[in-house]
Amino acid sequence: MSELGAELRRETLISNADPEDFIALLKPRVMSLVVFTALVGLVLAPGSIHPVIGAIAIFAIAIGAGASGALNMWYDADIDAIMKRTANRPIPGGRVTEGEALSFGMFLSVFSVMVLGLATNWVAAGLLAFTIFFYVVVYTMGLKRRTTQNIVIGGAAGALPPVVGWAAVTGGVAIEPIILFAIIFLWTPPHFWALALVKSEDYGRAGIPMLPNVAGEAHTRLQILVYTLIVVPVGLLPVWFGFGGMLYAAVAGAGGLAMLYWALDIYRAKADDRFRKACWRMFGGSIAYLFALFSALLIEWSVTRLSPLLAGLKGVFA
Amino acid sequence: MSALPDDPKLASGPKLASDPKLASDPKLASDPKLASDPKLANDSNLDGVRLTDAEKARQSKRNRAIGYAIAGLCIVFYLITVFKMGPAIMKRPL
């Protein structure tokens, strides 16, 4: 066999991928946040959904989020290869081909939307389809390489899962999921800009116009503070609108103060090591803040639902 | 380089059919005209790619994963059917 022919056939026909590489294409860590926020949207919605259908709805939303992650990695393979943080992803790492990632992402996109539509309703399915479209086409293909506002506008895709979860139960949208959407939407810029500040060289090499690379470090610090000042009061809106109770108020208040402290720390930090530390703290802390807000809503919902059952049990054993 | 065997004009050319480099391409091998060519029929290059042990192991893992995924899909669609229809699943004309 000619060596050229053998190499050609090997390169085009033999896949190097493990199943884990395809799972990595789904961005499992992002998926976990999507699952959690969608679950909160789903349980808070008025009305009822069979638990099995609810679980399938969450599964479909998770797969939809994973599909958009795979399509994002397919389109961004060239810049992922340049950035240290992403250089070992399945496509730049040479384990999955671009074609495989594209087919995988497209199949899962269609599959997730169809399953959600069949299991719940087509409003939720349409919202999921829009979320995938927004993340892949509007953010990845349109905004990411063109504007410093990429993650501000693109953040809408990450903020939609609770709305999809709500729509899966009610077949519509209301003020409550819109507030949850607003919290995640406004949370996204300080979260990602904190990362962009410490990874600005990486983004610069890849030619992605993140705010620190274009507008400078000082302006980014200010923008993080401004967005934090907006997201903290918005985080308290569920209390105002009555679907967040005392626990939520305490968590949102304390978490909001922590967010403000971290944002101020970034704004004021002068020494490089302190500045980097402050950025990492905001990046990790903001995840904990969002997780705490949604956990508080979930705990309050669980207590409300479980207390009549517990009272009933008490009556049985009395 | 990889675009060469995919080109239909080139693939149908008699000169290229006898080219050992191109003869090793599976797309050309599946062409009925080329398959009837005695030169190519005796060509051991058409045996296919031999996988290394590592490649075989990965392929096996992928196959298993696809199997599990299909089984999972069957369960998902079964559950959707049963729980969407509810008790009405038993009410059907005989």
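The values are calculated or read from the model by the stated rules, or taken from the named source; none is laboratory data. As the structure is a prediction and not an experimental result, all values here were calculated from the model. Here Cβ is always computed from backbone atoms with ideal geometry, including for glycine, and neighbour counts include all displayed protein chains.
Residue count for segment B:52-74 under the criterion of being loosely packed, with under 10 Cβ neighbours inside 10 Å and either in contact (Cβ under 8 Å) with a residue 60 or more places away in the chain or not in a helix (DSSP H, G or I) (or both): the result is 0.
Does segment A:65-87 include one or more residues that are crowded, with 16+ Cβ neighbours inside 10 Å, assigned to a loop (DSSP other than H, G, I, E, B), more than 11 Å from every other protein chain (Cβ to nearest Cβ) and of a type in the set (S, T, N, Q)? Yes, some residue in segment A:65-87 is crowded, with 16+ Cβ neighbours inside 10 Å, assigned to a loop (DSSP other than H, G, I, E, B), more than 11 Å from every other protein chain (Cβ to nearest Cβ) and of a type in the set (S, T, N, Q).
Inside segment A:229-318, counting only helices (runs of 4 or more DSSP H) that do not spill past its ends, which hold 1 or more residues that are among the polar types (S, T, N, Q)?
Numbers: elements: A:237-240, A:246-268, A:272-317.
Filter on segment A:229-318 gives A:272-317.
Each row is one residue, and each column tells you yes or no for (1) within 14 Å of chain B (Cβ to nearest Cβ); (2) acidic (Asp, Glu).
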site	(1), (2)
A:Glu98	yes, yes
A:Ser109	no, no
A:Val137	no, no
A:Arg145	no, no
A:Trp166	no, no
A:Glu176	no, yes
A:Thr188	no, no
A:Glu201	no, yes
A:Asn213	no, no
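In this structure, A:Pro92 does not qualify as more than 22 Å from the chain's Cα centre (by Cα), assigned by TED's automatic domain parsing to the domain that holds A:Pro161, within 17 Å of A:Trp166 (Cβ to Cβ) and surrounded by fewer than 21 Cβ atoms within 10 Å (Cβ to Cβ).
Take the conditions surrounded by 10 or more Cβ atoms within 10 Å (Cβ to Cβ), closer than 22 Å to A:His50 by Cβ, more than 20 Å from the chain's Cα centre (by Cα) and modelled with pLDDT of 90 or more and apply them to B:Phe77. Does it pass?
Numbers: surrounded by 10 or more Cβ atoms within 10 Å (Cβ to Cβ): yes; closer than 22 Å to A:His50 by Cβ: yes; more than 20 Å from the chain's Cα centre (by Cα): yes; modelled with pLDDT of 90 or more: yes.
Judged against the criteria, B:Phe77 is a match.
Exactly one residue out of A:Glu176, A:Glu201, A:Glu217 is acidic (Asp, Glu) and closer than 30 Å to A:Leu297 by Cα: that is A:Glu176.
Consider A:Thr120 carefully, then state whether it is within 14 Å of chain B (Cβ to nearest Cβ), surrounded by 17 or more Cβ atoms within 10 Å (Cβ to Cβ) and modelled with pLDDT of 95 or more. Judged against the criteria, A:Thr120 is a match. Here A:Ile132 meets each of (1) modelled with pLDDT of 95 or more; (2) under 13 Å from the mean Cα position of the chain (by Cα); (3) within 25 Å of A:Tyr227 (Cβ to Cβ) with one exception, condition (3). Residues in segment B:53-63 that are within 16 Å of the chain's Cα centre (by Cα) and either more than 9 Å from every other protein chain (Cβ to nearest Cβ) or over 14 Å from A:Arg95 (Cα atoms) (or both): B:Lys56, B:Ser60, B:Asn63.
Screening A:Val96 on (1) under 24 Å from B:Leu73 (Cβ atoms); (2) assigned to a helix (DSSP H, G or I); (3) touching a residue at least 12 places away in the same chain (Cβ under 8 Å); (4) not small (Gly, Ala, Ser) shows it passes everything except condition (2). Here A:Val163, A:Val169 are screened, and the one residue that is β-branched (Val, Ile, Thr), within 22 Å of A:Ser286 (Cα to Cα), touching a residue at least 60 places away in the same chain (Cβ under 8 Å) and assigned to a helix (DSSP H, G or I) is A:Val163.
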